[in-house]
Amino acid sequence: MNQLGLGIAITGSGSATPEVALDNHQLERMVETSDEWITARTGIRERHLVDAQGCLSAIASTAAQKAIAMAGIAPTDLDLIILATSTPDDLFGTATQIQHLLGAPQAVSFDMTAACSGFVFGMVTAAQFIRTGVYQNVLLIGADILSRWVDWTDRGTCILFGDGAGAIVMQVNESDRFLGFELRSDGTLNKSLQLAFKAQTRELVEGVTVSQGNYQPISMNGKEIYRFAVQKVPEVIEKALFRANLSTDEVDWLLLHQANQRILDAVAQRLNIPAEKVLSNLAHYGNTSAASIPLALDEAVRAGQIQSGDVIAAAGFGAGLTWGATIFQWGR
Ligand code: COA
């Protein structure tokens, strides 16, 4: 073990996506775009969308139930539930609704927001509680319904995003499988990717005003985000691997936030990691923000691609700006 403290294992995964999909040809009827353009520039072919009857707590709970079942524990064993999301059903927090739906009354539950890096930031947060012996069984969910906040008339962004949820169970373990991490933030580039609140002044009584308004749809400088991801993600993975005392050759799977196939390819190329080690499912889901990493992880585990003991380098990046990497081995 290269860390002080107790060992950590990732023992279960689960995911859930809405049934309804919107493909590139359907997008052609909404904005001036083409299947060829979207596929060539992003690799995305379709995205799944939650309808008006659906909600974040429902898809998140479905993903969580599968992860708990795979880990072989009961919901009542959970000590902590962390929901990484930028699109809660309730701005006061949605994790407690999930706690209730799962039947996990002992679990302390809270939301955390780090946009598309939310799952990686959540893994590191969960790990601190386990390392220090505070909690033994932690459920981490990454879930987002970005379709709520996409401007469906903006062809520069609406082609990219989809909805989904993924979850893992992290547990205290004799052997340490959580090998290293590196997290970074840079607020100077905040305006490059935003889902910002726009205030309107309301006067309550003379001389006393408050700001009331609404969140505005996602706005993005695509080129700037692209450059940021391709430059910063390899750096943070190399740093996390250094902390784990591993080289890129020892990585079995590169598990990047599923934003754009060109970003995945460029990062892998810079790290000299061959394409067959790069997990990718974005053709079917688009960018599902905090859900993308656990969704791709769960699909690869259930398909038998990822085996117990495999070394995974996961990296998230996105709004904030935030980015970070974790290095871990699958299973006990
Ligand atoms: N369909 C057709 N044409 C489009 C289009 C679309 N959906 N969106 C933009 N275009 C046009 C532009 O208007 C521009 O036309 P012009 O040359 O006549 O001005 C041209 O295509 C090139 O646009 P540009 O924005 O330079 O394209 P790009 O190669 O940078 O690709 C992205 C755009 C969004 C696919 C790319 O920048 C990207 O993926 N960035 C990262 C975004 C991301 O991952 N965000 C989330 C991070 S968590």
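The values are calculated or read from the model by the stated rules, or taken from the named source; none is laboratory data. In this text the structure is predicted, and so the values were computed from the model without any measurement. Virtual Cβ from ideal backbone geometry, glycine too; neighbours counted across all protein chains shown. Ligands, DNA and RNA are excluded from the accessible area calculation, which covers all protein heavy atoms including side chains. Shrake-Rupley method; radii C 1.70, N 1.55, O 1.52, S 1.80 Å.
For (1) within 16 Å of the ligand (Cβ to nearest atom); (2) surrounded by 16 or more Cβ atoms within 10 Å (Cβ to Cβ); (3) within 17 Å of the chain's Cα centre (by Cα), each residue gets a yes or a no:
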| residue | (1), (2), (3) |
| --- | --- |
| Gly164 | yes, yes, yes |
| Lys191 | yes, no, no |
| Lys198 | no, no, no |
| Leu204 | no, no, no |
| Ser211 | no, no, no |
| Lys223 | yes, no, no |
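Across region 279-289, what is the number of residues that are away from the ligand (no atom under 16 Å from the Cβ) and within 19 Å of Ile306 (Cα to Cα)? Give the steps one after another, and end with the answer.
Kept after step one, since they are away from the ligand (no atom under 16 Å from the Cβ), are these residues of region 279-289: 279, 284.
Okay, now just the ones that are also within 19 Å of Ile306 (Cα to Cα), so 279.
Here the count works out to 1.
Of the residues making up region 190-205, just one is part of a helix (DSSP H, G or I) and small (Gly, Ala, Ser), namely Ser192. The set of residues in region 315-332 being small (Gly, Ala, Ser) and either out of contact with any Pro (no Cβ under 9 Å at 6 or more places or on another chain) or more than 16 Å from the ligand (Cβ to nearest atom) (or both) consists of Gly316, Gly318, Ala319, Gly320, Gly324, Ala325, Gly331. The set of residues in region 267-277 that are aliphatic (A, V, I, L, M), in contact (Cβ under 8 Å) with a residue 12 or more places away in the chain and open to solvent by 30 Å² or more (accessible area, probe 1.4 Å) is empty.
Of all residues in region 6-17, count the ones that are open to solvent by 40 Å² or more (accessible area, probe 1.4 Å) and not polar (S, T, N, Q). Step through it out loud before you land on a result.
The initial filter retains those residues of region 6-17 that are open to solvent by 40 Å² or more (accessible area, probe 1.4 Å), namely 6, 17.
Going one step further and asking which of them are not polar (S, T, N, Q), we end up with 6.
Residues meeting the conditions: 1.
Scanning region 166-189 for residues that are more than 16 Å from the ligand (Cβ to nearest atom) and part of a strand (DSSP E or B) turns up Ala167, Ile168, Val169, Met170, Gln171, Val172, Asn173, Phe178, Leu179, Gly180, Phe181, Glu182. Filtered by the rule that a residue be surrounded by 23 or more Cβ atoms within 10 Å (Cβ to Cβ) and in contact with a Gly (Cβ under 6 Å, 6 or more places away or on another chain), region 122-142 gives Leu140, Gly142.
If you check Thr157 against the conditions, is it of a type in the set (Ser, Thr, Tyr), in contact with a strand residue (DSSP E or B) (Cβ under 8 Å, 6 or more places away or on another chain), at negative phi and surrounded by fewer than 15 Cβ atoms within 10 Å (Cβ to Cβ)?
Details: of a type in the set (Ser, Thr, Tyr): yes; in contact with a strand residue (DSSP E or B) (Cβ under 8 Å, 6 or more places away or on another chain): yes; at negative phi: yes; surrounded by fewer than 15 Cβ atoms within 10 Å (Cβ to Cβ): no.
It is false that Thr157 is of a type in the set (Ser, Thr, Tyr), in contact with a strand residue (DSSP E or B) (Cβ under 8 Å, 6 or more places away or on another chain), at negative phi and surrounded by fewer than 15 Cβ atoms within 10 Å (Cβ to Cβ).
Those helices (runs of 4 or more DSSP H) of region 1-103 in which 2 or more residues are away from the ligand (no atom under 16 Å from the Cβ) occupy 56-71, 95-102. Remark: pairs (first residue in region 295-313, more than 14 Å from Ala9 (Cβ to Cβ); second residue part of a helix (DSSP H, G or I) and open to solvent by 10 Å² or more (accessible area, probe 1.4 Å); Cβ separation under 7 Å; 6+ apart in sequence or on different chains) = Leu295/Tyr285. Go through region 143-154 and give me each residue that's surrounded by 23 or more Cβ atoms within 10 Å (Cβ to Cβ) and more than 13 Å from the ligand (Cβ to nearest atom). If the condition is that a residue be surrounded by 23 or more Cβ atoms within 10 Å (Cβ to Cβ) and more than 13 Å from the ligand (Cβ to nearest atom), then Ala143, Ile145 are the ones that fit.
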